[in-house]
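Each remark here refers to the structure printed beneath this line.
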Amino acid sequence: MSLKLYFSPGACSFVPHVLLETSGADYEPLMVKLHKGEQYGDEYKAINPRSQVPVLQAEGQVITQIPAICQYLDMAFPQAQFLPTVPLARAKALETLSWMNNTVHPTFTHIFMPQKYSDQAEVQAQVRLLPYRSTANWWESCKAWSSKPPSTVGRGWQAPISAPWMPMP
Ligand SMILES: N[C@@H](CCC(=O)N[C@@H](CS)C(=O)NCC(=O)O)C(=O)O
């Protein structure tokens, strides 16, 4: 199986990156320098028109969105047991992963990329403060989830899937 991961250091691509490393898979890591705007160049947009990392190339196809990539890697490398196989436990693991992806992560985009929301410096300063209002109680639920036993949440959840999100959602 030929696998390529487009990633950027310090970005959310860390999640599938850790899964690939853990799986022992033979894959090609390809760095995209977000700080240099490489994601907006024609070359990268031909791969992902949404100009984001991560991208996993597998079986000649491009897969984007972390929950989709994690599910693919879980099924491609079942011996790694990244996600639970019991239906309810699997649904709950994906519920939390999806919430991190669709709520926690974009909230923190306000801090790291305020220029996405306004060109004005004073508005950007306000935008940067927004996450502090909404996230106070999030960390407790993240910590509670990651301290659950691997048998209930999947072996991958504790380290490879959840840990990268903790410092960098
Ligand atoms: N929901 C997306 C989030 C991807 C995302 O926000 N990636 C950020 C890095 S953490 C990115 O590539 N940003 C570049 C940009 O927006 O210019 C996913 O699951 O892949």
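Bear in mind that the values in this text are calculations on the coordinates, not laboratory data. Only a predicted model underlies this, so the values are computations on that prediction, with no experimental measurement involved. Note that each Cβ is placed from the backbone with ideal geometry, even for glycine, and that neighbours are counted across all protein chains shown.
According to the square roots a ≥ b ≥ c of the eigenvalues of the Cα gyration tensor, what is the shape class of the stretch 1-154, taking rounded for a/c under 1.5, prolate for a/b larger than b/c otherwise, and oblate for the remainder? It is oblate, given that a/c is not under 1.5 and a/b is not larger than b/c.
Rounded to the nearest whole Hz, the Karplus-based 3J(HN,Hα) values (6.51 cos²θ - 1.76 cosθ + 1.60, θ = phi - 60°) of the stretch 31-39 follow the sequence 7, 10, 7, 4, 5, 9, x, 4, 5, with x at glycine and proline. The shape of the stretch 3-80 comes out prolate: with a ≥ b ≥ c from the C-alpha gyration tensor, a/c is at least 1.5 and a/b beats b/c.
Each part reduced to its alpha carbon centroid, the stretch 1-48 and the stretch 56-70 end up 11 Å apart. Mean sequence separation of contacting Cα pairs (under 8 Å, at least six apart), scaled by the length of the stretch 1-110, corresponds to a relative contact order of 26 percent. Let me check I've understood the local charge: for residue 3, count other residues with C-beta under 11 angstrom from its C-beta, Lys and Arg +1, Asp and Glu -1. What total comes out? Here the charged neighbours net out to -2.
Near residue 30, the amide H atoms lying under 5 Å from its own belong to 5, 6, 7; only residues 5 or more places off or on other chains count, and H is placed 1.01 Å from N. The residues packed around residue 64, meaning those with a beta-carbon under 14 Å from its beta-carbon, carry a net charge of +3 if Lys and Arg are +1 and Asp and Glu are -1.
How large is the helix-only mean residue ellipticity at 222 nm for the chain, computed as the sum of -39500 (n - 2.57) over DSSP H runs with n ≥ 4, divided by its residue count, in deg cm²/dmol to the nearest 500?
Details: 8 runs with 73 residues, N = 169.
Value at 222 nm, helices only, nearest 500: -12500 deg cm²/dmol.
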